[in-house]
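The values are calculated or read from the model by the stated rules, or taken from the named source; none is laboratory data. Treat the numbers as computed from the prediction; the structure is a model and nothing was measured. Cβ placement follows ideal geometry from the backbone for every residue including glycine, while neighbour counts extend to all protein chains displayed. Calculation scope for accessible area: heavy atoms of the full protein, side chains included, ligands and nucleic acids excluded. Shrake-Rupley method; radii C 1.70, N 1.55, O 1.52, S 1.80 Å.
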Amino acid sequence: MSQNFETQAVRIQTERSQFSEHSTPLYLTSSFIFDDAEDMRASFAEEKQRNLYSRFSNPNTTEFVDKIVAMEGAEAGYAFATGMSAVFSTFAALLNSGDHIVSSRSVFGSTHSLFTKYLPKWNIETSYFKVNEVDKVESLIKPNTKILYAESPTNPAVDVLDLELLSTIAKKHNLLLVVDNCFATPYLQNPIQFGADLVIHSATKLIDGQGRVLGGVTVGKADLVREIYLFSRNTGPAMSPFNAWVLSKSLETLAVRADKHCENALKVAQFLENHPEVNFVKYPFLKSHPQYEVAKKQMRLGGNIVAFEIKGGVEAGRRFLDRIKLCSLSANLGDSRTIVTHPSSTTHSKLSREDRLEVGITDGLVRCSVGLEFVDDVIEDLNQALNN
Ligand SMILES: *Cc1c(COP(=O)(O)O)cnc(C)c1O
């Protein structure tokens, strides 16, 4: 198989059936059959590599995982029902009671809940560092620290963390570096190349790309994925074959979609940077981004998420949403449709203002997931909503 991303995305495919189909069929089957008692024994003893039951594996989930493994330069992977089940199962499989995590404070909201509400129930504690204080990471590491965790770019403030630097710290202290690569997709950034041990994706976002199904995946070192697989085949967070079929089709077009998303997002970011009603814009490939050099080093393009702050605080942010005509108000991102959200009055309204500011969510911050519409139409909509 070619090492080129686009070819792998299109050509990695489940073995053809006797019907010589061109496109991979949907294997909606919960289980698989055995020839005889010996076949069944050998299969369950894992002397044969084959499908037994779709909680363990299925041709459609295997095709999806094989593609992500190839795209990320990983050794193995497992597909989950959602991004959050990938995050949770990765921690649950690899950590024991008494273990400790060091993580960037800027993580997805539900990951933050996992760290602060649920993992402590099993005596697993997390210490946070701020995205602009990577120099403090080493001081947070304890004898029981097992995992260094980060998301880059971050949701929703679009900060960028230096993955190579984090990997150097992880290696020095014998920690696993686990990276949530959702915002970048495997097309724009490959954390394993910079030393990550495991990479997690919510496939719900740009991988699906059309706001249809949920999914998640963890890929990385084979021995670690083996632990995650054994945990998951017993506890049941598996991706459905239908979702895997949809998502594997989506991967065929990821490169062309991502190129266009990024081109549109850069134009939107440049427009916003020159708008008088905007205080600042955060987009990894704008020179004004605080981590521009790092973004250029580790990302192919800047991604499709633009964060910007409207003058006038919370009320101005709410008024802006009310005036939007073309774009959608929705919690999703990475859709073909442009989506705008105002985190301080919606997704992050339960946090205190101080806690919001810690993760870069200023009062007037808007997160824009730039879609695939004709970009001038998106810019016109943002412009009229800012000007009115
Ligand atoms: C959406 C998201 C998740 C969770 O994924 P789901 O598929 O919604 O469970 C995790 N991390 C990041 C960065 C996300 O944006």
Being open to solvent by 80 Å² or more (accessible area, probe 1.4 Å), more than 21 Å from Glu252 (Cα to Cα), not in a helix (DSSP H, G or I) and not hydroxyl-bearing (Ser, Thr, Tyr) is the requirement here; does Glu47 meet it? yes
Name the residue, out of Leu161, Leu206, Leu148, Leu214, that is touching a residue at least 24 places away in the same chain (Cβ under 8 Å), away from the ligand (no atom under 12 Å from the Cβ) and not in a strand (DSSP E or B). Leu161
Only listed residue being closer than 16 Å to His201 by Cα and open to solvent by less than 20 Å² (accessible area, probe 1.4 Å), chosen from Phe108, Phe80: Phe80
Name the residues in the stretch 315-351 that are under 22 Å from the mean Cα position of the chain (by Cα), loosely packed, with under 15 Cβ neighbours inside 10 Å and more than 16 Å from the ligand (Cβ to nearest atom), would you? Leu329
What strands (runs of 3 or more DSSP E) completely inside the stretch 252-350 contain at least 3 residues that are touching a residue at least 40 places away in the same chain (Cβ under 8 Å), farther than 19 Å from Glu380 by Cβ and polar (S, T, N, Q)? none
Test: Val225 is assigned to a helix (DSSP H, G or I), out of contact with any Cys (no Cβ under 7 Å at 6 or more places or on another chain), within 15 Å of the ligand (Cβ to nearest atom) and β-branched (Val, Ile, Thr): no
Determine which member of the set Ala196, Ala184, Ala170 is of a type in the set (A, V, I, L, M, F, W, C), away from the ligand (no atom under 16 Å from the Cβ), in the same structural domain as Asp66 (by TED's automatic domain parsing) and open to solvent by less than 10 Å² (accessible area, probe 1.4 Å). Ala170
Considering residues of the stretch 109-142 that are β-branched (Val, Ile, Thr) and over 20 Å from His173 (Cα atoms) only, the residue farthest from the chain's Cα centre (by Cα): Thr116
The correct count of residues that are surrounded by 10 or more Cβ atoms within 10 Å (Cβ to Cβ), aliphatic (A, V, I, L, M) and over 15 Å from Ser240 (Cα atoms) in the stretch 10-35 is 2
